[in-house]
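In what follows, a single structure is set out as structure tokens and then discussed.
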Amino acid sequence: MHVFLSDEIWDFDLAAALGEISEQRRELALKFKHELGQRLCVLAYQLLKRGLREVYGIEENPIFIYNVYGKPSIAGHPEIFFNLSHCKEAAICVISDRPVGVDVESVRSFNDSLVHYTMNDDEICEIEAADNKAVAFIRLWTKKEAALKLIGTGISKDMKEVLRGERLHFETFMDPQQRFIYSVCQNYT
């Protein structure tokens, strides 16, 4: 598994970058109303291009095909699995030789109704016992999102039950400035 992460959202020429990506991705990026969204969409794709070049020697822009739930794969490369995510502080791409999911989220405040809607009783206890409740919530949230992205079905089941009964392996990290947390998920094999 290879992880490519960047928080250099404002460090590239957006117009030039839009010219260097696939038409498919450019159209998606330009659907974002605000420049931040456009930049994050482009940056995540740039990370994928970098990973494909470094890991597989693939130079051309990847074209995506999507499953019925919208999970992308790379046309012509069924052996390569990847997942992209971004938040307002960073973009991330994970590439693997087996299915993978990733989520990155900003550390931010949350409300109790969201916690009770998305977390089961054990997870609520974990959050309540934590020194930093926001960090504990985001850590669990990124694990749930990464698991759902691995499975590739979107939010199709109760968020409280996402992590129960699954044989999943997670790696979770917080950036040194504590601005964001990301989790990577794969099945145990």
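Key figures
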| item | result |
| --- | --- |
| The chain: relative contact order in percent, alpha carbon pairs under 8 Å with at least 6 residues between | 20 |
| Residue of 177, 46, 38 that the Gaussian network model of the chain assigns the largest fluctuation, springs spanning Cα pairs under 10 Å | 177 |
| Normalised convex hull volume, region 63-146, alpha-carbon set, Å³ per residue | 121 |
| The chain - accessible surface per residue (Å², probe 1.4 Å) | 52 |
| Of all accessible heavy-atom area on region 50-182, the percent that carbon and sulfur account for (1.4 Å) | 50 |
| Translational diffusion coefficient (Stokes-Einstein; Kirkwood radius from C-alpha pairs) of region 25-174 at 20 °C, 1.002 mPa s, in µm²/s | 128 |
| For residue 56, net neighbour charge (Lys/Arg +1, Asp/Glu -1) across residues whose Cβ lies under 13 Å away | -2 |
| Of 71/144; 31/143; 31/144, pairs whose Cα-Cα distance is over 18 Å | 31/143; 31/144 |
| Check: the chain dipole with +1 on Lys, Arg Cβ and -1 on Asp, Glu Cβ, in debye | 380 |
| Chymotrypsin sites (Phe, Trp or Tyr not before Pro) lying in DSSP loop within region 1-35, provided at most 12 other Cβ fall within 10 Å | 10 |
| Loop-located GluC sites (Glu not before Pro) in region 49-85 whose Cβ has at most 14 other Cβ within 10 Å (DSSP) | 59, 60, 79 |
| Qualifying chymotrypsin sites (Phe, Trp or Tyr not before Pro) in region 41-96, DSSP loop, other Cβ atoms within 10 Å at most 16 | 69 |
| Whether region 14-55 is rounded, prolate or oblate, judged on the alpha carbon gyration tensor where a/c under 1.5 counts as rounded | prolate |
| Within a Gaussian network of the chain (alpha carbon springs, distance under 10 Å), most fluctuating of 92, 58, 151 | 58 |
| Charge dipole (the chain, unit charges on Cβ, about Cα centre) - positive-most of 187, 74, 12 | 74 |
| Area accessible to solvent at residue 174, 1.4 Å probe radius, in Å² | 60 |
| Furthest towards positive pole of dipole, 106, 169, 83, structure part the chain, Cβ charges | 83 |
| Mean Cα-pair separation over length for region 19-64, i.e. relative contact order, pairs under 8 Å, 6 or more apart, % | 37 |
| Rule-of-thumb Rg ratio for region 85-189 [Cα; 2.2 N^0.38 Å; N residues] | 1.03 |
| Helix-derived mean residue ellipticity, 222 nm - over the chain, DSSP H n ≥ 4, -39500 (n - 2.57), to 500 | -10500 deg cm²/dmol |
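The values are calculated or read from the model by the stated rules, or taken from the named source; none is laboratory data. None of the values given here were measured: they were computed from a predicted structure. Cβ atoms come from the backbone with ideal geometry, glycine included; neighbour counts cover every protein chain shown. Heavy atoms of the whole protein, side chains included, go into the accessibility calculation; ligands, DNA and RNA do not. Shrake-Rupley method; radii C 1.70, N 1.55, O 1.52, S 1.80 Å.
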